[in-house]
Every structure is written in C-alpha cells, then in structure tokens.
Amino acid sequence: MIQLSEKTVRIEGEESQLSTVELKRRLSRIMRRLGYGDCAANVYSALIFMGSPSSIDALSRSVRYCQTAVSMALSELEETGLVNKEKDGRRYMYTADEHFILKFEITVEELLNKELRPFRRALEEFGEGSLKEGARGVAQRLLSNAQDAERKLRSYIKMIRRPDTTEMSE
C-alpha cells in the first residue's frame, strides 16, 4: 500500500525520501512520453496524488493552469479512460484511474500490431527486385530493425503483463 505525505513516501514498510512533488514530476514525465501534453500530464499526476475526487477549480489551483486548459486536459484524459467524471450537485468531480501502466501496455501493443507489424510486412513484400542497390540495403536494414523492435516489444509486453491486466485489455 502506498501512503503519501508532502515529505516522504512509504511503500509497504519502506520509506523513501522522494517528495510527492518529485513523484508528480516523474509521473508527468511518463505521461508526456506517452503522448500527453504538459497540462494533461500535470493534471493527471496531480489528480492521482490528491487521493479524492477533485473539481476543475481545485485542479486548476493545484497545477497552476487556467480552468479552460484543465477542462480540456480532463476531457482528453477522460477520452482515454484515465479519468472518471461524476456529477456532484452543479459541478463535476474527477478521479484518476491508477492503471496508467495498463494504458501504456495497450499503447505499446497497438504500436506493435497497427504500425510496426504492417510496416515489417510491407518491407518483406516489397521485395529486393524492385529496389535499386542502395535502396535495397536500406530496406534490408529497416527490415532487420523492424524485426528486432518487434521481438523486443513482444518481450516487453510479456514482461509487464500481469494476470489481472489481461482481462482488462480484452
């Protein structure tokens, strides 16, 4: 279990000197690498560490972005399933889905299945006969790199997949 305070983080009996500020920064960096903009990344990490449903106003104050930017970021995060929205009186309250690693896994699988494999197959089908000598060497290197990347991604997916995430991604 993770317990947070402003000074330290305790994870199942181990205490770390990382502050929640540093954890938010690191999570935001991961989110940006997953393709989210700065505002969405910061809103998501703030929402994760708030620990309770939060309004646009509270999030806006927390991340120091205007309410319009926070609202747009929340819409993006909600579309991708990382944020849940519930009506509370006249306003909406937002909570973060903590399964962003699963979203990362799904993104990697989509990259593998929808982009990399078709690219590799196209390189294989293109054939050596229709290419000039210089282009043939480039195509062979690209094919080798694509095959290597495909193997690594498959291995990576197997490594991070847990039994409970298989059911969620189906």
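The values are calculated or read from the model by the stated rules, or taken from the named source; none is laboratory data. This one's a predicted model, so the numbers in the text were calculated from it and none came from an experiment. All Cβ positions, glycine included, derive from the backbone under ideal geometry; neighbour counts span all protein chains shown. For accessibility, only protein heavy atoms count, side chains too; no ligands or nucleic acids. Shrake-Rupley method; radii C 1.70, N 1.55, O 1.52, S 1.80 Å.
Numbers at a glance
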read-out: Alpha carbon centroid spacing (whole Å) that separates segment 129-158 from segment 31-45; value: 31
read-out: Relative packing of 33-40, 151-158, 72-79, which averages over residues the other C-beta atoms within 10 Å, highest first; value: 72-79, 33-40, 151-158
read-out: Per-residue SASA entry for Thr80, accessible area with 1.4 Å probe, Å² rounded to 10; value: 60
read-out: Proximal lysines to Lys103, defined as alpha-carbon separation beneath 23 angstrom and excluding residues fewer than eight positions away on the same chain; value: Lys24, Lys85, Lys114, Lys152, Lys158
read-out: Per residue convex hull volume, Cα atoms of segment 14-144, in Å³; value: 169
read-out: Per-pair calculated FRET efficiency, R0 = 45 Å: Arg151 and Arg64 via Cβ, rounded to 0.05; value: 0.55
read-out: Protein accessible area in segment 24-88, 1.4 Å probe - carbon and sulfur %; value: 45
